[in-house]
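What follows is a set of notes on a single structure, which appears directly below.
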Amino acid sequence: MANFAGAVAAIRSRVAAMRPVELPIGWPNEARPDVIGVGGNPAPWAYAEVSSTGAEIRGVGVPGDHVVVEEGIIMMTVFVPDGEGTATAYSLAGQLGEIFRVQQFYDAEPGVCIRTWTPRISGGDSSSDDGMWFAVTVSIPFQFWRRA
């Protein structure tokens with residue numbers, strides 16, 4: 001039976017398969033990826049998170065056959081070394097967002113899927129610069145449809 005853990009695994013798999021090749025991705029509760037690039041200098045990297053923001057039953061039925069929709073957000077923050085400008089951060093964030101722009105996947109069984117919507121890029125202002133890294137975040141809302 002499909003569950004939220006399976007949905008997160010499907011999201012992670014999609015990121016791994018379609019991310020920009022040169023961009024390592026870190027995930028919660030895992031070691032940070034290697035961020036040292038050519039010549040021993042810091043290189044761009046991203047940190048990804050998947051969170052549920054709510055859930056509801058969307059139809060009537062018997063227990064075990066309700067249509068349940070869990071809403072959530074995929075957030076990927078791109079970090080580029082301070083002083084390298086904003087173009088790389090925006091470009092990489094945009095590429096990550098396009099992985100999920102209005103897609104449907106994780107069709108694990110009948111009535112189960114993830115639907116993603118329009119990515120939104122935020123950050124990129126003075127609060128995004130900590131003196132070592134400049135950060136831009138792309139957020140993608142999603143719905144996880146299943147029966148429960």
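Readers should treat all values here as calculations from the given coordinates under stated rules, not as data from a laboratory. Note that the coordinates shown come from a computational prediction; the quantities given were computed from them, not determined experimentally. Cβ sites come from the backbone with ideal geometry, for glycine too, and all protein chains shown count toward neighbours.
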## Note on the structure
region 66-106 scanned against label point 7 Å out from Asn41 along Cα→C-beta; backbone N under 15 Å for 80-89
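What's the local net charge at Val138, with K and R +1, D and E -1, over the other residues with C-beta under 11 Å away? Let's see the in-between values first.
Values: positive: Arg101, Arg120; negative: Glu98.
My count for the surroundings of Val138 gives +1.
Mind giving me the FRET efficiency for Ala5 and Trp117? R0 is 22 Å, r the Cβ-Cβ distance, nearest 0.05 is fine. Don't jump to the answer; show the numbers that get you there.
Values: r = 22 Å, r/R0 = 0.99.
Here the calculated transfer efficiency is 0.50.
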### Rounded tilt (10° steps) of 4-18 against the dominant C-alpha axis of the chain
40
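Say R0 is 25 Å: what FRET efficiency, to the nearest 0.05, do Glu98 and His66 get from their beta-carbon distance? Don't jump to the answer; show the numbers that get you there.
Values: r = 33 Å, r/R0 = 1.33.
For R0 = 25 Å, the calculated efficiency reads 0.15.
Stretch Val21-Asp107 to full length: gain in nm at 0.36 nm per residue minus the Cα-Cα span? Each step should come with its number before you reach the end.
Details: separation 86, 0.36 × 86 = 30.96 nm, distance 2.58 nm.
So the chain would gain 28.4 nm between Val21 and Asp107.
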### Summary
Taking the reciprocal of mean 1/r across every pair of different Cα atoms in region 4-147, the Kirkwood radius in Å is 16.3
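Around Arg12, under 14 Å between beta carbons, what's the net of Lys plus Arg minus Asp minus Glu among the other residues? Don't skip to the answer; put the middle values down first.
Values: positive: Arg14, Arg19; negative: Glu30, Glu49.
My count for the surroundings of Arg12 gives 0.
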### Query
Based only on Cα atoms, what Rg/Rh ratio does region 62-116 have, Rh being taken as Kirkwood's radius?
1.21
### Summary
Around Ser91 (Cβ within 14 Å, Cβ-to-Cβ, excluding Ser91; K/R +1, D/E -1) the net charge comes to -2
### Task
Treating the angle as unsigned and between 0 and 90°, give the value, to the nearest 10°, between the Cα long axis of helix 87-98 and the longest Cα principal axis of the chain.
10
